[in-house]
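K.L.:
My questions all concern the structure below.
The values are calculated or read from the model by the stated rules, or taken from the named source; none is laboratory data. Source: prediction; values computed, not measured. Here Cβ is always computed from backbone atoms with ideal geometry, including for glycine, and neighbour counts include all displayed protein chains. These area figures cover heavy atoms from the full protein model, side chains too; ligands, DNA and RNA do not enter into them. Shrake-Rupley method; radii C 1.70, N 1.55, O 1.52, S 1.80 Å.
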Amino acid sequence: MDGKNLKKIVELRHELHAHPELSMHEGWTKRRLMDFIGANTTLAVVDCGGWFYASRYREGTPAVAFRADMDALPIPETISLPHASQSPGVSHKCGHDGHSAALCGLALELEAMECPRSVYLIFQQAEETGQGGAAAAALLPERHVSEVYAFHNLSGYPEGSVILRNGLCQCASRGLTVRMTGRRSHASEPEKGNNPAFALAALVTEVRTLLARPHRGMVLATVVNLSVGRRDFGISPGEGTASMTLRADDEAEMEAFEAEVRGRAIALAAAEGLEVGFDVSDPFPATVSDAGCVARVEAAAGRLGCPVVWMEAPWRASEDFGHYTKRCPGAIFYVGNGANWPALHTPEYDFNDRILETAVDVFREVYRGA
């Protein structure tokens with residue numbers, strides 16, 4: 001990568017890190033990225049509301065797209081950094097600042113290249129909550145994009161290595177909240193009310209039993225919150241919720257398991273004379289990489305001399321890039337932060353600037369060879 005371009009995107013990454021924004025609130029981030037591309041390239045920049053894309057169109061050529069995310073997490077910055085977050089309680093602890101900076105790096109590299117085919121650089125909002133991918137992915141059929149690519153940084157692998165997997169790369173998931181409603185009463189007269197605590201506790205126990213049964217693939221249900229009443233010792237509560245993250249190798253397996261959980265909840269609520277309702281949050285499709293696209297990333301890494309590591313099992317964490325791979329063939333690859341680099345979504349994490357060049361170079365070589 002051109003050294004001046006690399007310096008620019010490292011500085012940009014630090015600027016983005018210092019001004020993190022949560023999902024669906026990335027207004028400053030989006031404007032800064034649009035301004036950067038507008039000031040440093042001749043790519044067309046198109047504002048799509050919460051997200052945007054930059055492009056170069058070549059008549060009569062198949063198009064390729066590259067995607068980056070730009071939202072941060074509700075995690076406080078606790079490490080000392082020159083570019084530390086200036087937003088209390090919010091920080092880039094997943095590396096989306098690096099993803100966006102790398103895609104801007106590709107924009108800079110494209111400026112110095114002869115571009116043989118149409119290219120779209122998609123900067124997407126709200127990946128962390130699963131809200132942004134579907135809307136941005138709709139661009140692919142609209143612009144007749146034939147291939148789409150993305151990368152994620154990944155700790156626990158050698159720094160600068162390119163990690164690949166054919167087929168299922170990241171699991172499907174969604175948040176499920178079960179609401180049970182009965183009737184409050186005085187704590188001294190619980191028989192005059194209808195407390196949902198016992199039914200919700202039984203549901204959590206039954207979910208564990210359901211998980212223990214054989215499944216076609218990996219199925220998980222992680223209880224993230226169980227809430228009934230408050231520490232008001234004179235009140236027997238009448239409302240409560242159980243929230244869990246459901247996760248599976250694919251949507252069909254996850255939906256089948258969810259149907260079982262809902263069925264058990266309905267039966268338990270009925271037995272206790274409770275009303276029951278359900279809420280779904282943060283839905284993510286499975287992310288599946290096309291073998292041909294993965295082969296192009298592998299070839300690009302080979303031309304660059306980057307070590308390639310094959311991922312043995314899917315990464316359980318969800319990624320809404322699956323919306324894109326449902327629209328056209330595509331691949332997500334990973335760049336290693338380092339074997340001992342802090343884990344994503346932890347207060348100790350910061351994106352490794354040394355892998356920015358690797359990400360940009362692989363993007364550029366994939367574009368050349370696509």
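K.L.:
So, Ala72, is that one more than 26 Å from Met1 (Cβ to Cβ) and either small (Gly, Ala, Ser) or crowded, with 21+ Cβ neighbours inside 10 Å (or both) or not? Before you say what the answer is, go through the steps one by one.
P.N.:
Working: more than 26 Å from Met1 (Cβ to Cβ): no; either small (Gly, Ala, Ser) or crowded, with 21+ Cβ neighbours inside 10 Å (or both): yes.
When the stated conditions are applied, Ala72 does not pass them.
K.L.:
On to the next question. Just to be sure I understand the filter: pairs with C-beta atoms under 8 Å, separated by 6 or more residues or on different chains, first member in segment 20-48 and within 26 Å of His345 (Cβ to Cβ), second member part of a helix (DSSP H, G or I) and among the aromatic types (Phe, Trp, Tyr). Which pairs pass?
P.N.:
Glu21/Trp28
K.L.:
Moving on to the next point. Looking only at segment 339-370, count how many residues are farther than 21 Å from Gly156 by Cα and among the aliphatic types (A, V, I, L, M).
P.N.:
Of segment 339-370, the ones farther than 21 Å from Gly156 by Cα are 361, 363-370.
Cutting the leftovers down to among the aliphatic types (A, V, I, L, M) gives us 366, 370.
Of the residues in segment 339-370, 2 are farther than 21 Å from Gly156 by Cα and among the aliphatic types (A, V, I, L, M).
K.L.:
Now a separate question. Output the number of the condition that Gly193 fails; it satisfies all remaining conditions of (1) open to solvent by less than 50 Å² (accessible area, probe 1.4 Å); (2) over 26 Å from the mean Cα position of the chain (by Cα); (3) modelled with pLDDT under 95.
P.N.:
Looking at each condition in turn, Gly193 falls short on (3).
K.L.:
Please pick out the residue among Glu159, Glu111 that is open to solvent by 30 Å² or more (accessible area, probe 1.4 Å), of a type outside the set (Gly, Ala, Ser) and either modelled with pLDDT of 95 or more or farther than 30 Å from Tyr57 by Cα (or both). Walk me through it before giving the result.
P.N.:
On the way: Glu111 fails: either modelled with pLDDT of 95 or more or farther than 30 Å from Tyr57 by Cα (or both).
Unique residue meeting the criteria: Glu159.
Condition check ((1) within 20 Å of Gly105 (Cβ to Cβ); (2) of a type in the set (S, T, N, Q)) across all residues:
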site: Trp310; (1), (2): no, no
site: Glu319; (1), (2): no, no
site: Ala331; (1), (2): yes, no
site: Asn337; (1), (2): yes, yes
site: Thr346; (1), (2): no, yes
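K.L.:
Now a separate question. Taking Gly105 as meeting all but one of (1) under 30 Å from Gly217 (Cβ atoms); (2) open to solvent by less than 10 Å² (accessible area, probe 1.4 Å), write down the number of the exception.
P.N.:
(1)
K.L.:
Which residue out of Gln124, Gln86 is touching a helix residue (DSSP H, G or I) at 6+ places or on another chain (Cβ under 6 Å), open to solvent by 30 Å² or more (accessible area, probe 1.4 Å) and in contact (Cβ under 8 Å) with a residue 60 or more places away in the chain? So that I can check it myself, show each step before the final result.
P.N.:
Details: Gln124 fails: open to solvent by 30 Å² or more (accessible area, probe 1.4 Å).
Only one candidate qualifies: Gln86.
K.L.:
For segment 1-39, give me each residue that is of a type in the set (S, T, N, Q), within 20 Å of Asn352 (Cα to Cα) and under 19 Å from the mean Cα position of the chain (by Cα). Walk me through it before giving the result.
P.N.:
In the first step, residues of segment 1-39 are kept if they are of a type in the set (S, T, N, Q); the result is 5, 23, 29.
Remaining after also requiring within 20 Å of Asn352 (Cα to Cα): 5, 29.
Result: Thr29, single match.
K.L.:
With respect to Ser55, determine if the residue is small (Gly, Ala, Ser), under 15 Å from Gly133 (Cα atoms) and surrounded by 14 or more Cβ atoms within 10 Å (Cβ to Cβ).
P.N.:
Working: small (Gly, Ala, Ser): yes; under 15 Å from Gly133 (Cα atoms): no; surrounded by 14 or more Cβ atoms within 10 Å (Cβ to Cβ): yes.
No, not satisfied.
Okay, residues lined up against (1) open to solvent by 50 Å² or more (accessible area, probe 1.4 Å); (2) free of Cβ contacts under 8 Å to residues at least 24 places away in the same chain; (3) closer than 28 Å to Glu357 by Cβ; (4) more than 21 Å from the chain's Cα centre (by Cα):
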position	(1), (2), (3), (4)
Asp282	yes, no, no, no
Gly292	no, no, yes, yes
Arg303	yes, no, yes, yes
Ala313	yes, yes, no, no
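K.L.:
Can you say whether Ala199 is of a type outside the set (Ser, Thr, Tyr) and open to solvent by less than 10 Å² (accessible area, probe 1.4 Å), as far as the supplied structure shows?
P.N.:
Working: of a type outside the set (Ser, Thr, Tyr): yes; open to solvent by less than 10 Å² (accessible area, probe 1.4 Å): yes.
It is true that Ala199 is of a type outside the set (Ser, Thr, Tyr) and open to solvent by less than 10 Å² (accessible area, probe 1.4 Å).
K.L.:
Let me ask something additional. Among the numbered criteria (1) open to solvent by less than 50 Å² (accessible area, probe 1.4 Å); (2) touching a Lys or Arg at 6+ places or on another chain (Cβ under 7 Å), which one does His345 miss?
P.N.:
His345 satisfies all of (1) open to solvent by less than 50 Å² (accessible area, probe 1.4 Å); (2) touching a Lys or Arg at 6+ places or on another chain (Cβ under 7 Å) except (1).
K.L.:
Give Ala201, Ala242 a once-over and let me know the one that is farther than 30 Å from Gly338 by Cα and either part of a loop (DSSP other than H, G, I, E, B) or over 27 Å from the mean Cα position of the chain (by Cα) (or both). Give the derivation first.
P.N.:
Values: Ala242 fails: either part of a loop (DSSP other than H, G, I, E, B) or over 27 Å from the mean Cα position of the chain (by Cα) (or both).
From the options Ala201, Ala242, the qualifying one is Ala201.
K.L.:
Report, by residue number, each residue of segment 19-43 that is more than 14 Å from His96 (Cβ to Cβ), aliphatic (A, V, I, L, M) and open to solvent by less than 50 Å² (accessible area, probe 1.4 Å).
P.N.:
Matches in segment 19-43: Met34, Ile37, Leu43.
K.L.:
How many residues are farther than 11 Å from Pro196 by Cβ, of a type in the set (D, E, K, R) and in a helix (DSSP H, G or I) if we restrict to segment 258-279?
P.N.:
Just the residues of segment 258-279 that are farther than 11 Å from Pro196 by Cβ, to begin with: 258-264, 266-267, 270-271, 277-279.
Now drop any that are not of a type in the set (D, E, K, R), which leaves 258, 260, 262, 264, 279.
Now narrow it down to the ones that are in a helix (DSSP H, G or I): 258, 260, 262, 264.
Final tally of qualifying residues: 4.
One line per residue, one yes/no per condition, for (1) over 16 Å from Ala54 (Cα atoms); (2) of a type in the set (A, V, I, L, M, F, W, C); (3) modelled with pLDDT under 95:
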residue: Ser100; (1), (2), (3): no, no, no
residue: Leu106; (1), (2), (3): no, yes, no
residue: Phe123; (1), (2), (3): no, yes, no
residue: Leu168; (1), (2), (3): yes, yes, no
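K.L.:
Could you look through segment 209-253, keep only residues that are under 20 Å from Val178 (Cβ atoms) and free of Cβ contacts under 8 Å to residues at least 12 places away in the same chain, and pick out the one that is surrounded by the most Cβ atoms within 10 Å (Cβ to Cβ)?
P.N.:
That would be Leu211.
K.L.:
For segment 64-84, name all the residues that are more than 22 Å from the chain's Cα centre (by Cα) and closer than 21 Å to Met34 by Cα.
P.N.:
Passing the criteria: only His83.
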